[in-house]
Amino acid sequence: MDKHLAIGADIGGSHITCAAVDLTTRTIIRESVTGREVDNQATAEIITDTWADALNEVIKGTGAVKIKGIGFAMPGPFDYVKGISYIKGVTKYEKLYGINIGSVIGSKLDLSGDLLIRFMNDASSFAVGEAWAGSAAPVNRSLAITLGTGFGSAFIENKIPVVDGPEVPRLGCVYHLPYREGIADDYFSTRWFILEYKKFSGKELKGVRELAEIASVDRIARDIFTDFGERLGAFLAPWLKGFRAEMLVIGGNISHAYDLFGEALENALRREGCDCRAALSVLKEDAAVMGSAYLLDDDFWRSIQHALPLM
């Protein structure tokens, strides 16, 4: 039987979301979507058991004979070629340090030994998903960003992440670039909103959603979103122009408040002479699942071999 299905697995900070994806039609098999909450400070065995439990549910519901393999959208630091985690110095997944995730997960799954397990950076997976089957599918060059607890990004040319060369920053992402008194991740993430609102109002909020909910009656909140959009547009414009990006795709939890900062962002791009079109992610939470499943497309897999070691 032709194995035309792949499982995409998005590994978040405290969850796994996985599903079977039809590589021919570029669609998620909706009834296969499975998720689990994950204790990211648990032992390696507990974490991988939780991941395997979710994956086995997809396998059981889909039929192992149809599945070509599994693609993981993984946070770093991670060896995406060998499948080894090098996460340390943070409060999540440290117990996985030095473990070959592919081998461990493979031993826990209800599939044959020839199952393919492949890995890609989570931000790259999101961007590839959007380029393969989402907002950026009509264009050749795009920059996809995720705005949330962190500032994820990936430059894409013909569905392939561009991670080096003169047109992109080091590592092919922008979170680490110097910005004001720190780096970009300090200013284009949830914690900036919380700190900024507290600075001007003296009040502490839990997150951006709460801030967006009061923006209609709170001038400080509205001004913060406008400032965010202007700064983000001015920061990204030189890179978008240098990469000759046709589209900026925006995802992540903060993107749900795009109506509060989108106009400011787009105006800032125009002022900087950048004609790149901005678009919200159409796949949203599905993007990383789709992008990681696409790792099982053999042509795509061969095309990204040079990029994986640099992610």
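Read-outs throughout are calculated quantities, based only on the coordinates presented, and are distinct from any laboratory measurement. As the structure is a prediction and not an experimental result, all values here were calculated from the model. Here Cβ is always computed from backbone atoms with ideal geometry, including for glycine, and neighbour counts include all displayed protein chains.
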Practice task
State the Cα centre-to-centre distance between region 234-311 and region 4-62 in whole Å.
Solution key: 24 Å
Problem - Between region 116-149 and region 164-205, the alpha-carbon center distance in angstrom - result: 20 Å
Handout entry: Peptide ranges 24-31, 101-108, 268-275 listed from the most packed, as the mean C-beta count within 10 angstrom indicates
Key = 101-108, 268-275, 24-31
Practice task
Specify which residue in the list Gly207, Val21, Gly165 is farthest towards the positive end of the charge dipole of the chain, using unit charges on the beta carbon of Lys, Arg (+1) and Asp, Glu (-1), about the Cα centre.
Solution key: Gly165
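Helix-derived [θ] at 222 nm for the chain: sum -39500 (n - 2.57) over DSSP H runs of at least 4, divide by residue count, nearest 500? Provide the component values of the computation, followed by the final result.
Working: 10 runs with 113 residues, N = 311.
Result for the chain, helices only: -11000 deg cm²/dmol.
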Completion exercise
Interchain or sequence-distant (5+) residues whose placed amide H lies within less than 5 Å of the amide H of Thr27 are Asp22
Handout entry: Radius of gyration and Dmax over the Cα atoms of region 138-281, both given in Å
Key = 15.0, 47
Practice task
Among DSSP beta bridges lying fully in region 138-281, give the percent that are antiparallel, nearest 5.
Solution key: 55 percent
Practice task
Go through Lys92/Lys284; Lys68/Lys159; Lys88/Lys199; Lys82/Lys284; Lys88/Lys203 and tell me which ones have a Cα-Cα distance over 26 Å in this structure.
Solution key: Lys88/Lys199; Lys82/Lys284; Lys88/Lys203
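For region 58-139, what is the Kirkwood hydrodynamic radius in Å, using each pair of distinct C-alpha atoms? Working shown, then result.
Numbers: mean 1/r = 0.0699 Å⁻¹.
Final number for the Kirkwood radius of region 58-139 is 14.3 Å.
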Completion exercise
For the chain, percent of DSSP beta bridges that are antiparallel (nearest 5) comes out at 55 percent
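If you take the Cα Rg of region 9-150 and divide it by 2.2 N^0.38 Å, with N the number of residues, what do you get? Present the calculation step by step, with values, prior to reporting the outcome.
Details: Rg = 15.1 Å, N = 142, 2.2 N^0.38 = 14.5 Å.
Against the empirical 2.2 N^0.38 Å value, I get 1.05 for region 9-150.
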Problem - Cα coordinate range in region 227-311, projected on the principal axes (Å, largest first) - result: 42, 27, 19
Practice task
Work out the length of the dipole vector of region 138-281 about its Cα centre, built from +1 on the beta-carbon of each Lys and Arg and -1 on the beta-carbon of each Asp and Glu, and round it to the nearest 20 debye.
Solution key: 80 debye
Practice task
Using only Cα atoms, figure out Rg for the chain and give it as a multiple of 2.2 N^0.38 Å.
Solution key: 1.00
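Please report the antiparallel percentage of the DSSP beta bridges confined to region 1-74, to the nearest 5.
On the way: 13 of 19 bridges.
In region 1-74, DSSP labels about 70 percent of beta bridges as antiparallel.
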